[in-house]
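Laboratory data are not the source of any read-out in this text; all were calculated from the coordinates shown. Just so it is clear, the structure is predicted and the values come from calculations on it, not from any experiment. Every residue, glycine as well, gets a Cβ built from its backbone with ideal geometry; the counts of neighbours run over all protein chains shown.
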Amino acid sequence: MAIFIHGPNVSVAWVQGLEALLELDGETVNFTVAIDAPTTELPAIRGEVDSFIDERRRTKTGIQRISTVANTIFPQSLYVERLGIDAETHLYEMERRSRPVTRRRNSRGNYFERMVAWPGADGQTFNQLDQAITRLRRLREAGHQRGNQFEVGLATPADEAIAMPVAVPGRDRQTIGFPCLSHVSLSLQKGVVHMSALYRNHEFLERAYGNYVGLGRLLRFVAHQSGWPVGELTCVSASVTLGRFSKRSLNDLLKACQSAAAA
């Protein structure tokens, strides 16, 4: 059953998604969440979700903080925006230096590594993110306002496309677990950069809030470094579930978030 959620910011969109999933007994397919301002949160709602997760991290394995999940998509602490155009190169270098630490946690790396160091068949790596930013910057310099014609879906990263696949054919064979994020795509429309992301499997309670935060930060980075305004984030989950939590606890969380939003 396809569901479409449209929220003004990360926090409200996530709460709307939680409410919809509870009405569907905790799972569905083709779950789409569109966020108008993907770099904006409501601190009160974020606090409720953080508290819910922190209370259960002691007894349930695999649950990560929102900040941890977000950093797998975009390592915010490594991005020094005051460096201007050089902030991009600095970010890539800091990620490269910290990669051994990341690999100790996950031998296959994380999402951001796949975007900036896609493993090629010849042993070389390819920076998909740099390609996207470079092409968006060239469009701005040439006076163009749209760039949808460069979207070619799940083509190989070396193609001339503003598209960032994550899964590596022949290597990522798990049906559950990393990488659940399959594809990130950027589009320029009327002088604004928008992003869409596709998840093949999504743990909504454990991952989605952090995923939305990370994707929003990634979109802001791309837009800022290429000189365009930030647009909408749309996240499509081919399959989504609320996971291993009691319905009562999730309903309590929903009420707490709704109260925080209304305060």
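At-a-glance table
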quantity	calculated
Distance between modelled label sites at Ile85 and Lys255, nm, 7 Å Cα→Cβ extension	5.6
Contact order relative to length of the chain, as percent, for alpha carbon pairs under 8 angstrom and 6 or more apart	27
Overall Cα dimensions of the stretch 2-51, principal axis frame, Å, largest first	28, 25, 11
Proxy reagent accessibility, fewest Cβ within 10 Å first, across Tyr92, Tyr111	Tyr92, Tyr111
Under 19 Å from Lys60, Cα to Cα: aspartates and glutamates that are on another chain or at least 8 residues apart	Glu48, Asp50, Glu203, Glu206, Asp252
Among beta bridges that DSSP assigns inside the stretch 3-262, antiparallel share in %, nearest 5	60
Exposure proxy order (Cβ contacts within 10 Å, fewest to most) of Thr40, Thr241	Thr40, Thr241
Ranking of Arg46, Arg96, Arg114 by count of other Cβ atoms within 10 Å, fewest first	Arg96, Arg46, Arg114
Average silhouette area of the chain, convex hull of alpha-carbon atoms, in square nanometres	14.4
Loop-located trypsin sites (Lys or Arg not before Pro) in the stretch 189-227, at most 10 other Cβ atoms within 10 Å (DSSP)	Lys190
